[in-house]
Each structure stands twice: as structure tokens, then as C-alpha cells.
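First up is the structure itself, then whatever we jot down about it.
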Amino acid sequence: MLPEVSTITGGDFEENTYIFPVEDGLVVVDPGADVQVLQNHIMRAGKKVKYVILTHGHIDHIFSLPYLSGAVVYAHEKEKTLLESPGLNLSAMTGNRIEIPAITYVPGKVHTAGDFVFYHTPGHTSGSIVVKYGKILFTGDTLFMDTIGRCDLPTGDPQKMRESLHIFSQFNKDTICYPGHGDMFTLDKAFKVNNFLKK
Ligand SMILES: [Zn+2]
């Protein structure tokens, strides 16, 4: 069964924050949404935020992170430097100083924690990840339906991005992808329309 994923899209960069229920609470992926909007949504859901997942550390994906206390926050260990640096995570640019809470950093190429599988996909940033939960995949700013995330921001790397994109061929084509920006899509659709996935 697929979880019921809610999307809040907002901010200057039209970032997608995703929220879905698990047995014992809520999962929030990339809490870039406006604090009040996100808190209202959590209140309506009537559950506590149990897990927060950061596909990467850019300001438009972490804006409301300091307001989600009490949750286990996952990010890749290669993203630690960027998360802790206002210059690298671009928060300095927007004038928002983000207090980064305690984070559970996951190591390696593939890491499983409970029902989540984290895949390290450097390219957009050095610690970018995509995260699988059953048949759904949160692709962050690594993969959009018809394009990919930019690689010219701090810690970005076009060569690593090319290598990271190979990971998508290992997933079932009916996998439902929730990207950091833009509409959700199936991998099947992305393989048809996204030139970056063509060899
Ligand atoms: Zn980004």
C-alpha cells in the first residue's frame, strides 16, 4: 500500500515539502515550507513528527527545520559541512540564519534505517540523497521529471551527478517519484522524457 503523501509547495523556489503518516507519527521530507503552513498541516494531521529527512541541505529545503524539534532528522554524512555552513547552504544569501538541530548522519552508498533506504547521489550537492520508502522515492534536487538539479552551486559536481544518475535504472519503472521541485512522476515517465537518463 502506498502512503498518503501530502505536498506543500511554496517559497521563492517553489520547493516541495512532503508529509506522510507512518504507524507511529509523521514523516516530513525537506521542511522548506513556511513554518506556519507546515505547523498547521501537522496539527490537522494530529500526529507528532517522528522523522525528518533532508535530501540535501539547501536553505529552500531546510527553512522550517528548527521548528520540528523532537524528530529524528536524517541526512547524509557528506552533507554535514554544507548544512553547518550558512555560506554553502545559501542561508547567508537569504538572510536566514538556520539553527541546525542534532542530525543522524547516514554513511555510505546505501543505508537502511527502518523502512527507509538512503542512496547517496552526489552531484547537486556532495551529500545529496534519494530516499526510498516502499514503492515511492523522494528524489530531492537530483532528479526531476524532465531534467536534473543544477550542479554549479557550492559542492555541486556535474561528473558525480552523471554517475549518480545510474542509480535510477536499478529501481522498478513503476516507482513513484516525489522531487524537490515540480510535479510527481513515475520513473517510467522520466526514462521516456528526461534526456539526462538516456545513455
Ligand atoms: Zn537544492
Problem set entry | Added length on full extension, which subtracts the Cα-Cα distance from 0.36 nm per residue, Met1 to Asp115 | 39.7 nm
For this session: Return a whole-number percent for the relative contact order of the chain, with Cα pairs under 8 Å and 6 or more residues apart as the contact set.
Result: 16
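With a 1.4 Å probe and every protein chain left in place, work out the accessible area per residue of the chain in Å², rounded to a whole number. Write out the running numbers ahead of the final one.
Details: 9580 Å² over 199 residues.
That works out to 48 Å² for each residue.
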For this session: Would you calculate a helix-derived [θ] at 222 nm for the chain, using -39,500 (n - 2.57) for each DSSP H run of n ≥ 4 and dividing by the full residue count, to the nearest 500?
Result: -4500 deg cm²/dmol
Exercise. With the calculation restricted to Cα positions, what are the radius of gyration and Dmax of the range 6-197 in angstrom?
Worked result: 15.3, 44
Exercise. Over the chain, what percent of the accessible surface lies on carbon and sulfur atoms, probe 1.4 Å?
Worked result: 53
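The values are calculated or read from the model by the stated rules, or taken from the named source; none is laboratory data. Since this is a predicted model, take the numbers as computed values, not measurements. These area figures cover heavy atoms from the full protein model, side chains too; ligands, DNA and RNA do not enter into them. Shrake-Rupley method; radii C 1.70, N 1.55, O 1.52, S 1.80 Å.
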